[in-house]
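Worksheet: one structure, shown below.
The values are calculated or read from the model by the stated rules, or taken from the named source; none is laboratory data. Note that this is a predicted model, so its numbers are computed, not measured. Heads up, the Cβs are rebuilt from the backbone with ideal geometry, glycines too, and the neighbour counts pull from every protein chain shown.
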């Protein structure tokens, strides 16, 4: 980590973050970093999210999925990504 940040939180917000940190076994700082990444994703995160959505979309409709072989699946997935990615 390169930067130190000091923030003030009200009790309710801190309790929510602290409870999540305890539940997940992470630090409060890690929970806050994850929240920032979720709210403000970088371009790589957006591209990965679009790719994941495309993959999931292929499995949602029974008749829209690719053929059974790995090569056909890869080709259908790449074609679908070409439609989504800039």
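Quick notes on this one:
- Each residue in segment 19-61 was checked for being in a loop (DSSP other than H, G, I, E, B) and within 30 Å of residue 78 (Cβ to Cβ), and 4 of them qualify.
- Of all residues in segment 4-18, those satisfying the criterion of being part of a helix (DSSP H, G or I) and surrounded by 11 or more Cβ atoms within 10 Å (Cβ to Cβ) are 13, 14, 15, 16, 17, 18.
- The C-beta contact set for segment 39-52 (first residue without any contact (Cβ under 8 Å) to a residue 12 or more places away in the chain, second residue surrounded by 11 or more Cβ atoms within 10 Å (Cβ to Cβ) and assigned to a helix (DSSP H, G or I), distance under 9 angstrom, 6+ apart or interchain) comprises 41/48; 41/49; 45/37.
- Residue 39 surrounded by fewer than 10 Cβ atoms within 10 Å (Cβ to Cβ), at pLDDT 80 or above and under 30 Å from residue 7 (Cα atoms): yes
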